[in-house]
Amino acid sequence: MSHTLAIGHYEQEEIDAFESQFAAVVLPDLAAMAALDPEQRKGIRVVAYKGHDPFGPLHMDALPALGLIANYGVGHDAIDGDAAGARGIRITITPDVLNDDVADLALCMWIAACRGVMHAAAYLQQGDWGAGRPLGLGTKASGRKVGIVGMGRIGRAVADRLAAFGCEIHYTARAEKGVSGIRWHATPRAMAQEVDDLIITIVGGEQTRNLIDHDTLTALGPGYIINVARGSVLDEDALVEALRKGHLAGAALDVFAHEPQANADLLAFPNVLSLPHIGSATVQTRAAMASLQRANIAAFLAGAPLLSPVP
Ligand code: 8YV
């Protein structure tokens with residue numbers, strides 16, 4: 001009987017690997033667990049989780065032998081860590097392998113926002129160029145003052161890239177991290193007063209919910225806000241209001257508060273670039289994430305140390 005349950009929308013190669021390596025049962029989402037045979041549920045020791053729906057105590061209690069949730073992703077805010085800890089369930093994540101992709105996308109979104117890339121593409125597609133209509137100018141990206149919200153692994157990768165663009169780099173984190181050449185601020189609001197743009201890379205979860213609020217957006221003024229972290233970090237109502245009032249120049253969002261639904265008000269703004277959470281979505285990085293997820297499962301089942309556990 002299988003001891004591994006893979007939950008989420010996996011690529012066919014990933015499903016094949018789960019089946020051949022762990023004889024795993026693959027389900028599309030957490031709700032599908034209800035259809036599992038009770039005897040089968042009792043034997044499950046590992047869940048390979050790929051998703052952003054809340055994985056809570058009821059799901060854990062439905063799998064009484066569960067010992068590991070191997071998350072496909074670095075952010076584990078969807079998994080109730082306290083409930084897992086109370087049940088002796090370990091959690092692993094897939095850190096580092098996705099830093100480059102998420103940071104690359106953050107820079108791509110930031111430059112696209114500054115230079116008005118979406119607007120210029122639409123201008124061409126609509127025939128405005130051929131018709132001789134005027135196209136407004138964009139904003140120079142190189143050399144801007146950029147504040148990074150959260151200086152973890154991805155924040156550092158963003159800072160490295162911004163340095164190559166000659167930017168003045170600021171960051172906010174719970175404590176000063178002593179990163180040379182870049183300036184720490186105690187709060188996003190204090191940082192927003194001193195920078196042109198914000199790039200959000202901080203972890204999601206209750207501790208950071210609506211961290212970027214009305215006051216921070218007001219302090220930012222007419223710059224761009226880029227979010228590649230979690231939709232929950234940015235107060236979407238406050239963002240809509242700031243955009244409606246013209247307080248911000250624009251936004252670029254790869255994440256939304258209620259995925260896979262994107263905020264319809266935000267989608268409607270011409271100066272908002274909206275993407276369907278593609279930060280880590282390249283062939284190379286997804287293969288590395290899947291491989292690390294499986295390596296953690298194999299280590300757990302062999303009784304060996306986990307490769308990338310949540311501490
Ligand atoms: C997702 C992510 O894991 O790593 C993270 O925290 O948000 C992404 O890489 C990916 O979208 C699969 O759900």
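Any read-out appearing in this document is the output of simple, stated calculations on the displayed coordinates, not a laboratory observation. This is a predicted model, so every value here is computed, not measured. Cβ placement follows ideal geometry from the backbone for every residue including glycine, while neighbour counts extend to all protein chains displayed.
A few notes on this one:
- Counting only alpha carbon atoms, the long axis of helix 99-115 and the longest principal axis of the chain meet at about 30°.
- Mean residue ellipticity (222 nm) of the chain, computed from DSSP H runs ≥ 4 via -39,500 (n - 2.57), nearest 500: -10000 deg cm²/dmol
- This model, with +1 at the C-beta of Lys and Arg and -1 at the C-beta of Asp and Glu, gives the chain a dipole about its Cα centre of some 680 debye.
- Extension gain from SER20 to GLU176, taking 0.36 nm per residue of separation minus the Cα-Cα distance: 51.5 nm
- The chain - share of DSSP beta bridges that are antiparallel (%, nearest 5): 5
- Residues whose amide H comes within less than 5 Å of that of ARG90, counting only those at least five positions distant or on another chain, are LEU68, ILE69 (H built at 1.01 Å from N in the peptide plane).
- Inverse of mean 1/r across different Cα pairs in segment 99-274, Kirkwood, Å: 16.3
- Pairs of Cα atoms nearer than 8 Å and 6+ residues apart set the relative contact order; for segment 99-274 it is 20 percent.
- Share, in percent, of DSSP beta bridges within segment 99-274 that are antiparallel, nearest 5: 5
- For the residues GLY127, GLY231, GLY147, a GNM of the chain with alpha-carbon springs under 10 Å puts the largest fluctuation on GLY127.
- Under a 5 Å amide H cut-off, with hydrogens placed 1.01 Å from N, ALA252 pairs with ILE225, ILE226, ASN227, LEU273 among residues at least 5 apart or on other chains.
- For segment 276-286, the Karplus equation 6.51 cos²θ - 1.76 cosθ + 1.60, evaluated at θ = phi - 60°, returns couplings of x, 6, 10, x, 9, 8, 10, 4, 5, 6, 5 Hz by residue, with Gly and Pro reported as x.
- Each of ALA238, VAL195, ALA106 was scored by the projection of its Cα onto the charge dipole of segment 99-274, and the greatest displacement toward the positive side belongs to VAL195; charges sit on the C-beta of Lys, Arg, Asp and Glu.
- Here the Karplus relation 6.51 cos²θ - 1.76 cosθ + 1.60, evaluated at θ = phi - 60°, turns the backbone of segment 79-85 into coupling constants of 9, 6, x, 5, 5, 5, x Hz, with x for every Gly and Pro.
- Each Lys and Arg adds +1 at its Cβ and each Asp and Glu adds -1 at its Cβ; summed about the Cα centre, segment 46-104 shows a dipole of about 360 debye.
- Lys/Arg +1, Asp/Glu -1 at C-beta; segment 1-158 dipole; positive extreme among GLY130, ILE7, GLN40: GLY130
- Relative counts (whole %) of C-alpha pair distances in the chain, using bins that are 10 Å wide: 6, 25, 30, 21, 13, 4, 1, 0
- Loop sites here are trypsin sites (Lys or Arg not before Pro) outside DSSP states H, G, I, E and B with no more than 13 other Cβ atoms within 10 Å. The longest part of the chain free of them is 1-139.
- Each residue of segment 190-201 was assigned a 3J(HN,Hα) from its phi angle through the Karplus curve 6.51 cos²θ - 1.76 cosθ + 1.60 (θ = phi - 60°); the sequence is 4, 5, 4, 5, 10, 10, 8, 10, 10, 10, 9, 10 Hz, with glycine and proline shown as x.
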